[in-house]
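The values are calculated or read from the model by the stated rules, or taken from the named source; none is laboratory data. No experiment lies behind these values; they were computed from the predicted model shown. Please note: Cβ atoms are built from the backbone with ideal geometry, for glycine as well, and neighbour counts cover all protein chains shown.
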Amino acid sequence: MLGRVFLVVDDEPAVREVAALMLEDLGCEVVTAANGTEALQQLALDARIEALITDINMPGMDGYDLAERAQQLRKELKVIVLSGRESDGRGHALICKPFLQKDLVRAMKRATGLC
């Protein structure tokens with residue numbers, strides 16, 4: 001049986017890929033999106049998604065707006081935000097970029113539990 005299903009959203013393909021690989025190594029299933037609009041579409045299509053990991057600073061819809069809209073769609077959705085510049089997760093677990101797998105694990109334990 002697979003673990004939790006995470007949606008990883010980042011406009012930088014390399015960051016998206018590294019985060020997805022880290023989560024897969026932890027036993028999670030991962031869905032990815034390049035922006036907020038794509039992420040909301042993924043949430044609408046895949047009811048298995050339990051948690052969202054999103055970059056804060058993205059063109060168009062930023063991660064804070066995405067988190068708010070995503071939680072309007074799914075009240076129970078857990079959110080972790082990523083940023084290389086911000087220091088406030090605005091109530092969400094925050095991972096500062098660049099990050100290691102142990103940083104991701106720490107945030108997961110706080111926000112969602114492990115896979």
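The residue of segment 1-31 that is surrounded by the fewest Cβ atoms within 10 Å (Cβ to Cβ), among those that are among the small types (Gly, Ala, Ser) and assigned to a helix (DSSP H, G or I), is Ala14.
Yes/no matrix, rows are residues, columns are (1) under 18 Å from Asn35 (Cα atoms); (2) over 14 Å from the mean Cα position of the chain (by Cα); (3) assigned to a strand (DSSP E or B); (4) not β-branched (Val, Ile, Thr):
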site	(1), (2), (3), (4)
Gly60	yes, yes, no, yes
Gln72	yes, yes, no, yes
Asp88	no, yes, no, yes
Val105	no, no, no, no
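Criterion applied to Val15, Val81 was being of a type outside the set (Ser, Thr, Tyr) and in contact with a helix residue (DSSP H, G or I) (Cβ under 9 Å, 6 or more places away or on another chain), and the one residue passing it is Val81. Take the conditions among the β-branched types (Val, Ile, Thr), in contact (Cβ under 8 Å) with a residue 24 or more places away in the chain, more than 16 Å from Thr112 (Cβ to Cβ) and assigned to a helix (DSSP H, G or I) and apply them to Thr37. Does it pass? Yes; evaluated as a whole, the condition is true for this residue.
Reported count of residues in segment 70-109, each being surrounded by 14 or more Cβ atoms within 10 Å (Cβ to Cβ) and of a type in the set (Lys, Arg), is 4. Being at pLDDT 95 or above, under 20 Å from Gly3 (Cβ atoms), polar (S, T, N, Q) and in contact with a Lys or Arg (Cβ under 6 Å, 6 or more places away or on another chain) holds for only one residue in Thr54, Thr112, Thr32, and it is Thr32. Taken over segment 84-115, the criterion of being in contact (Cβ under 8 Å) with a residue 24 or more places away in the chain and of a type outside the set (A, V, I, L, M, F, W, C) is satisfied by Gly84, Arg85, Glu86, Arg90, His92, Lys97, Gln101, Thr112, Gly113. Based on what the data block shows, is Thr54 assigned to a strand (DSSP E or B) and among the hydroxyl-bearing types (Ser, Thr, Tyr)? It is true that Thr54 is assigned to a strand (DSSP E or B) and among the hydroxyl-bearing types (Ser, Thr, Tyr).
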